[in-house]
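Chemist: Dropping a structure here in structure tokens format, bear with me for questions.
What follows is calculated from the coordinates using simple rules that are stated; it is not laboratory data. These figures come from a predicted structure and were not determined experimentally. Counting neighbours? That spans all protein chains shown, and the Cβs are built from the backbone with ideal geometry, glycine included.
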Amino acid sequence: MTVILEQARRLITEIPGPRSRELMARKHSAVAAGVGTTMPVFVEAASGGVVRDVDGNILIDLGSGIAVTTVGNSAPRVVDAVSEQVAAFTHTCFMVTPYESYVAVCEALARLTPGDHDKRSALFNSGAEAVENAVKIARAHTRRSAVVAFDHAYHGRTNLTMAMTAKSMPYKSGFGPFASEVYRAPMSYPYRDGGLDGPAAAQRALSVIDKQVGAANLAAVVIEPIQGEGGFIVPAPGFLAAIADWCTDNGVVFIADEVQSGFARTATMFACEHEGVVPDLIVTAKGIAGGLPLSAVTGRAEMMDAPHVGGLGGTYGGNPIACAAALATIETIESDGLIDRARAIESVILARLHALAATDDRIGDIRGRGAMIAVEIVHSGTDTPDPERTKAIAMTAHAAGVIVLTCGTYGNVLRLLPPLSISDELLHEGLDVLAEAFAAS
Ligand code: PLZ
């Protein structure tokens with residue numbers, strides 16, 4: 001039975017409340033310390049634009065569990081599809097005895113991803129696992145080994161994806177040695193690279209790639225069209241296209257990691273559409289299945305079919321419950337006009353943040369697209385990052401019942417990722433609380 005939640009912020013205890021504090025104490029003695037939490041608040045139910053904690057507090061959700069519950073938590077179609085599937089069968093392993101929903105998800109991915117070429121997909125569990133498989137596919141296709149990732153990139157926490165992720169703390173420090181043949185190129189970061197335009201920033205990156213790797217050795221260039229954990233960095237116009245064109249000219253596989261930016265999040269189905277870029281391979285996860293663990297690699301048939309039979313897979317990849325959730329999620333995005341909703345959310349958030357910036361000279365930059373918008377916080381009159389104030393603002397918002405996340409190489413970016421099911425009223429209230437947190441910090 002679906003829990004009906006009042007769509008309003010309501011604080012009945014301090015945050016965290018006594019039940020959450022009790023559970024946090026149990027967490028400390030049972031859960032490995034390395035698994036941190038943004039807020040010390042335990043959840044009981046969530047839907048629409050709110051999360052209810054175990055003390056009965058109702059919080060406004062501006063995080064979507066890191067860009068996952070784009071269609072909302074326990075979205076009705078997802079709940080129905082999952083319930084029906086879980087009652088029919090929970091698992092057979094697609095590699096043992098297959099089922100239709102896996103194929104249907106791959107068909108939907110072929111239809112929804114950019115480009116009208118012949119496509120194939122393979123399904124996995126997490127974003128990192130899909131990124132790893134995209135690299136395997138690119139290597140099998142090109143018979144080359146090197147991979148290029150960018151400054152500020154985040155691709156996951158597994159061994160290969162740790163090597164591809166840029167930031168040492170907390171993702172890599174102490175966890176090496178890392179996979180070899182991963183190289184790093186400079187990103188286009190308009191706020192911090194002196195206004196370098198897209199084509200010039202691409203030339204800078206391509207020169208590093210050419211001199212330090214060499215196209216003849218390079219299997220793939222992997223890039224987030226809008227970087228997520230790295231700080232919601234939107235590259236200058238033309239940057240992505242120039243890199244993609246160079247890849248095509250040099251037989252290098254261009255891989256878009258749309259794990260965070262995909263599935264209507266940026267007011268297009270995929271973020272690379274904003275730049276008219278058609279990736280060879282596109283990696284998706286998070287928003288694809290309304291909260292169930294599913295990820296995918298989709299791409300040109302001749303590339304996707306390069307690995308030998310049995311070379312790709314995994315016990316749970318494309319689990320039937322996750323596939324049922326994905327089909328219901330896609331139906332929800334399309335039937336409920338969620339791409340338009342993301343665009344409307346963008347205008348609400350941008351207007352509010354620009355109003356805030358007019359009276360706060362410590363807002364260095366406001367950027368992002370759709371329901372993926374961030375604020376970069378700096379010291380007055382400079383572009384020096386201010387991670388302390390960023391953290392203070394987030395914590396003030398948390399205490400007032402609003403879930404917001406931070407990110408960025410310098411830890412000075414507040415990011416907003418509301419579910420597209422949030423009402424305007426709740427969104428405005430969340431932004432009111434955020435404005436108060438800015439004023440108080
Ligand atoms: N690629 C672009 O954003 C996951 C990480 C949270 P998984 N980002 C959230 C954390 O601290 O672990 C992400 C991403 C991009 C890949 C991934 C990895 O996806 O599903 O977490 O493996």
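Chemist: Rank these for me by crowding, L338, L312, going from fewest to most other beta carbons within 10 Å. Walk me through the numbers on the way to the answer.
Modeler: Details: L338 27, L312 18.
Ranked by crowding around the Cβ, least crowded first: L312, L338.
Chemist: Let me ask something else about it. When the Kirkwood hydrodynamic radius is evaluated over all pairs of different C-alpha atoms of region 78-335, what value in angstrom, to one decimal, is obtained?
Modeler: Details: mean 1/r = 0.0542 Å⁻¹.
Hydrodynamic radius (Kirkwood, Cα only) of region 78-335 equals 18.5 Å.
Chemist: About the Cα centre, and with charges only on the beta carbon of Lys, Arg (+1) and Asp, Glu (-1), how big is the dipole of the chain? Nearest 20 debye, please. Mind showing how you got there, number by number?
Modeler: On the way: 34 positive and 48 negative charges, 224 e Å.
Dipole size: approximately 1080 debye.
Chemist: Using the structure shown, list the pairs from K211/K391; K119/K286; K167/K286; K27/K136 with a Cα-Cα distance above 29 Å, or answer none. Mind showing how you got there, number by number?
Modeler: Values: K211/K391 39 Å; K119/K286 21 Å; K167/K286 21 Å; K27/K136 37 Å.
Among K211/K391; K119/K286; K167/K286; K27/K136, the Cα-Cα distance tops 29 Å for K211/K391; K27/K136.
Chemist: Something else: Give me the percent of DSSP beta bridges within the chain that run antiparallel, rounded to the nearest 5. Don't skip to the answer; put the middle values down first.
Modeler: Values: 32 of 48 bridges.
Restricted to the chain, the bridges split so that about 65 percent are antiparallel.
Chemist: Would you work out which of S101, I223, A185 lies farthest towards the positive end of the dipole of the chain? Charges go on Cβ: Lys and Arg +1, Asp and Glu -1.
Modeler: A185
Chemist: As a test of the formula, what do you get for the chain when each DSSP H run with n ≥ 4 contributes -39,500 (n - 2.57) and the sum is divided by the residue count, at 222 nm and rounded to the nearest 500 deg cm²/dmol?
Modeler: Details: 13 runs with 162 residues, N = 441.
Result for the chain, helices only: -11500 deg cm²/dmol.
Chemist: Continuing with the same structure: List, in order, the whole-Hz ³J(HN,Hα) value for each residue of region 23-30 obtained from phi through the Karplus relation with A = 6.51, B = -1.76, C = 1.60 and θ = phi - 60°; use x for Gly and Pro.
Modeler: Ordered by residue, 3J(HN,Hα) equals 5, 5, 5, 5, 4, 4, 8, 10 Hz.
Chemist: How large, in Å, is the chain by the Kirkwood hydrodynamic radius built from its alpha-carbon pairs? Walk me through the numbers before you get to the answer.
Modeler: Details: mean 1/r = 0.0448 Å⁻¹.
The answer is 22.3 Å.
Chemist: List the residues whose amide H sits under 5 Å from the amide H of Y183, counting only those 5 or more places along or on another chain, with H placed 1.01 Å from N in the peptide plane.
Modeler: V147, V148, A149
Chemist: Separate question: Summing Lys, Arg as +1 and Asp, Glu as -1, what charge do residues with Cβ under 12 Å from the Cβ of D340 carry, D340 excluded?
Modeler: Details: positive: R341, R343; negative: E334, D336, E346.
Summing Lys and Arg as +1 and Asp and Glu as -1 gives -1.
Chemist: DSSP beta bridges in region 78-335, what fraction antiparallel, as a percent rounded to 5?
Modeler: Values: 10 of 24 bridges.
Roughly 40 percent of the DSSP beta bridges within region 78-335 come out antiparallel.
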